[in-house]
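The values are calculated or read from the model by the stated rules, or taken from the named source; none is laboratory data. Being a predicted model, the structure only gives us computed values, none of them experimental. No Cβ is skipped: glycine too gets one built from the backbone with ideal geometry, and neighbour counts run over all protein chains shown. Remember, those area values only see protein heavy atoms, side chains included, never the ligands or the DNA or RNA. Shrake-Rupley method; radii C 1.70, N 1.55, O 1.52, S 1.80 Å.
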Amino acid sequence: MLSSKRISLAKVAARAFITPVTVRTFASSSIARNVNITLHKASFETYNCDTPSLEVNISKEELVKMYHSMVIMRRMEMASDALYKAKLIRGFCHLCTGQEAVAVGMETALTPDDKIITAYRCHGFTYMRGASITSILAELLGRKAGISAGKGGSMHMFTPNFFGGNGIVGAQVPLGAGIAFAQKYLGHNASTFALYGDGASNQGQVFEAYNMAKLWDLPCVFVCENNRYGMGTSASRSSANTSYFKRGDYIPGVKVNGMDVLAVHQACAYAKEWTTSGKGPLLLEMETYRYGGHSMSDPGTTYRTREEIQHMRSNNDPITGLKQRLLELNVVSEDELKAIDKNARAEVDKAVEESKASPEPELKAFWEQVYKKEAGIPFLRGREPEETHHF
Amino acid sequence: MSIATLRTSYLAASLASVSRSMLKQQVPIKSQYAATNSPPPPEGFMPGVANSKFIRNTHHEALRNPELAGVANGETKKMNTFQAINDAMSIALATDDTACVFGEDVAFGGVFRCTMGLAEMFGRDRVFNTPLSEQGIAGFGIGMAAMGSTAIAEIQFADYIFPAFDQLVNEAAKYRYRSGGEFDVGGLCIRTPCGAVGHGGHYHSQSPEAYFAHTPGLKVVIPRSPIQAKGLLLASVRDRNPVIFMEPKILYRAAVEMVPVGDYELPLGKAEILTQGKDLTVVGWGAQLYVLENAIQLAQKKMPGLSVELIDLRSILPWDVETVCNSVNKTGRLLIAHEAPKTQGFAAEIATTVMERCFLRLEAPIQRLCSYDTPFPLIFEKFHVPDMIRCAEGIERAMKF
Ligand SMILES: Cc1ncc(C[n+]2csc(CCOP(=O)(O)OP(=O)(O)O)c2C)c(N)n1
Ligand SMILES: [Mg+2]
């Protein structure tokens, strides 16, 4: 399902950098069959709604793809980290290491008609929404092959059904309500997933968006990625109520174990069903954790203990968790998983080379897209009169 | 002399910055940047501030300033701009029991370390973290100040001040006027880092002073150095009007000065003449002054004997019309440079006022060197900002008109 989605996505893609991601198939004979998995009963906690089903029926192939996507994502962020340390990436860069299950579990519950919008911690979502690894890394490097033509950098990545990558904390949330309104108005049977952090959840516009979404029963899923910190401030120091799934008041909500990709998948499927069946908006709180610092300049260890990070890594890691499941269920062998890991590494390494080889954008990109080309704007003024750019 | 030959000669004279004539010759874009694997310098595309002759790095030099007469017999201490700002806040807290410092992560020192140690020194009830909530931070500060308290709020980057725009423009700026003097928010000072850093991209680089300069009731101040930052910040905190204090973030660690350790204020609404001159007036503020300093030197290499009056405006609102116009009446020529885009940048206001007041004295069109009318770009930063070469060319254009 995922790969066919990628292909259809590639078809709609107006931009050439969206390439279908190939997922290797595995030799295990049982690969095509579905498995039944019962999630831990602590996976969800609800507010004014039923609990999503703990019974997951999913194809083995899809499980393997989930694993593959998470491994790619982690590798990709490791590569970004290395490129940053090599001073090839500059400026602001926020990695999603540790939070992979959110983007992956969400995507597998959605169709390309559904829309996603998030904040600046966006590399993983961009990948899941069909972007190639090269286009993401090249964007980080500010190169022409970047998904925003090298003009945005880390916080500014988009695909046709992914509205970014937004740098101003909280600003994307009302946009999500507007996107959902348009979906409803246009008669699309689809939802918008608007993501924000535990820190962002305190911006006034988040509550303004809740109200509009409920007032007009918009197919909007508000997703709080609670990774426990907004920069150096822990959730309990920033938020009077840290039960983010209850903060919609008149909007029901579900708290989800965001470190379990299947719980995320299940909750997102539930939310999609909820919002497309006319019940109005829903809140999801993904309990997750970022392993690294807030951004590259934050070591991430001054406001939390190393033990806490280590504890999350060893006991809650989404990749390790899924891996154990796959082995227990006999979906794949240890060797096959090793092969996925190895191939993911090779795939990312190749993308690193490709993105490094891409040139910087041509200077004309500097003036383009300030206004619509045909808008009749004859010129943009430069630093001095002679530099004024005439279109 | 044609612009092209003029430029070529500057290029020959200059070791730094980007060559636009190369650009004109269609040299492949790559060669205009530093090579792909050499990143922009951490201090951005600005020649070293530490070597500026406006940096007062000895005790004696620092205290020669008549504006510092009140602390002339006191001690000085080596400080960077972020330390001087910290010192100013420390004095503000120590001398005013109603004063509080708040903002995102400020109790931990803040992103640029400007509030380091203040929470430990003055207590967490006076120096505290706020939720991520710019509109709330501004509104909260306004309420506090309306009670007569002193509210020193930090907006983490000037690019994030826009969610607070309504509060500042509609509530803070008009409180005194609309209440017929019953209430005011004189105790409010909003500190916020602004300006280019070499790699900030769209949302960590902007200079929004002109938006606020369009608002009667507000004051807007931008310092250029540690000594200036301390004195201007103390004055801004204590001024009985709401003040937006924009700190050029590229200067936080750019240079140390010998900063008086005592309590002193520098005047708001008053420009400072950095060098006296008779041929041309050059006006700038914040980090742009160091670009201008180099541009003037470059131009003087081409035009020996050129005498330039360089003015640090310091206050954007209200701005020192007298000092600027007196200078232009003397020189007959004016160049203004700033990092914000040209259209409706603050240079437009200065140019118009000077045109009104000095029309018959002007001997050349007023030169405005500003950034391009584009969003602040990520990798094109050095093409965007008015660099030394552009400013030097502007000087020569004004002189040769
Ligand atoms: C309006 C605004 N204020 C402040 C910032 C600076 N900032 C960027 S991310 C961040 C913390 C956000 O935390 P959270 O919402 O929990 O997201 P996380 O980083 O944990 O993913 C802050 C304060 C910003 N980008 N925009
Ligand atoms: Mg967070």
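Looking at segment A:33-366, the accessible area is 35 square angstrom per residue; that uses a 1.4 Å probe and ignores ligands, DNA and RNA.
If one takes the accessible area of chain A alone plus chain B alone and subtracts that of the pair, with a 1.4 Å probe, what total in Å², rounded to the nearest 100, results? Before the final figure, lay out each step's value.
Values: alone 17840 and 16700 Å², together 30300 Å².
So the total buried area for this chain pair works out to about 4200 Å².
Compute log10 of I(q)/I(0) for the protein assembly as shown with the Debye formula, placing one identical point scatterer on every Cα and leaving out solvent, at q = 0.06, 0.07, 0.08, 0.10 Å⁻¹, to two decimals. Reported log10 I(q)/I(0), two decimals: -0.41, -0.56, -0.72, -1.07. Within segment A:172-310, the proportion of C-alpha pairs whose separation exceeds 20 Å stands at 46%. Ranked from largest, the principal axis spans of the Cα set of segment A:33-366 equal 51, 51, 43 Å. Other residues within the sphere of radius under 12 Å centred on the Cβ of B:Gln83, judged by their own Cβ, net out at +3 (K and R +1, D and E -1).
Counting alpha carbon pairs within less than 8 Å and at least 6 residues apart, what relative contact order, in whole percent, applies to chain B?
Computed over chain B, the figure is 18 percent.
Computed about its Cα centre, the charge dipole of chain A is approximately 380 debye, with only Lys, Arg, Asp and Glu carrying charge at their Cβ.
With all protein chains present, how much of the accessible area of segment A:239-391 (probe radius 1.4 Å) comes from carbon and sulfur, to the nearest whole percent?
Details: 3620 of 7310 Å².
On segment A:239-391, the fraction of accessible area on carbon and sulfur atoms equals 49 percent.
Expressed in units of 2.2 N^0.38 Å, where N is the residue count, the Cα radius of gyration of segment B:272-400 is 0.98.
Per residue, the accessible area of segment B:59-260 comes to 34 Å², computed with a 1.4 Å probe over protein heavy atoms only.
Note down the net charge around A:Gly300, summing +1 for each Lys or Arg and -1 for each Asp or Glu among other residues with Cβ under 10 Å from its Cβ. With Lys, Arg at +1 and Asp, Glu at -1, the net is +2.
If you take the Cα atoms of segment A:189-235, find Rg, then find the Kirkwood Rh from the mean of 1/r over all pairs, what is Rg/Rh? That ratio is 1.05, to two decimals.
Heavy-atom surface analysis with a 1.4 Å probe gives segment B:59-260 a carbon and sulfur content of 55 percent of its accessible area.
The charge dipole of the protein assembly as shown, taken about its Cα centre with unit charges on the Cβ atoms of Lys, Arg (+1), Asp and Glu (-1) only, comes to about 1680 debye.
Given the -39500 (n - 2.57) contribution per DSSP H run of 4+ residues, what per-residue ellipticity at 222 nm results for the protein assembly as shown, rounded to the nearest 500 deg cm²/dmol? Numbers along the way, then the final one.
Numbers: 27 runs with 290 residues, N = 792.
Roughly -11000 deg cm²/dmol at 222 nm, from the helical runs in the protein assembly as shown.
Could you work out, residue by residue across A:354-361, how many beta carbons of other chains sit within 10 Å of that residue's beta carbon, and then give the average as an integer? Mind dumping the intermediate values first?
Working: counts 0, 0, 2, 1, 1, 5, 8, 5.
Rounded to a whole number, the mean comes out at 3.
Highest mean packing comes first when the peptides B:281-288, B:160-167, A:39-46, A:351-358 are listed by Cβ atoms within 10 Å, giving B:281-288, B:160-167, A:351-358, A:39-46.
Over segment A:117-233, the ratio between the Cα radius of gyration and 2.2 N^0.38 Å evaluates to 1.09. Just the protein heavy atoms count here, and of the accessible area of segment A:110-214 at 1.4 Å, carbon and sulfur take up 62 percent. Which residues of segment A:179-220 show a drop of at least 50 Å² in accessible area when all protein chains are present, compared with their chain alone (probe radius 1.4 Å, heavy atoms only, ligands and nucleic acids excluded)? Residues shielded by partner chains are A:Gln203. For the segment B:269-282, counting C-beta atoms of other chains within 10 Å of every residue's C-beta and taking the mean gives 0. Per residue of peptide B:202-211, the mean number of Cβ atoms on other chains within 10 Å of the residue Cβ is 2. Database remark: amide H of A:Thr159 closer than 5 angstrom to the amide H of A:Gly164 (H placed geometrically; neighbours at sequence offset of 5 or more, or on other chains; Pro and chain starts carry no H). Kirkwood hydrodynamic radius of chain B, from the reciprocal of the average inverse Cα-Cα distance over all distinct pairs: 21.7 Å. With 5 Å bins beginning at zero, the pair-distance distribution over Cα atoms of segment B:216-299 amounts to 3, 12, 22, 22, 19, 12, 7, 2, 0 %.
In chain B, which helices (entire DSSP H runs) extend 20 Å or more along their own long axis, judged by Cα positions, while averaging at least -0.5 on the Kyte-Doolittle scale? The partial results should precede the final answer.
On the way: long enough: B:81-95 (21 Å, 0.80); B:288-302 (21 Å, -0.19).
The answer, listed by residue number, is B:81-95, B:288-302.
Dipole orientation for segment A:166-299: of the candidates A:Ala171, A:Val256, A:Leu282, A:Leu282 has the Cα lying most toward the positive pole (charges on Cβ; Lys, Arg +1; Asp, Glu -1).
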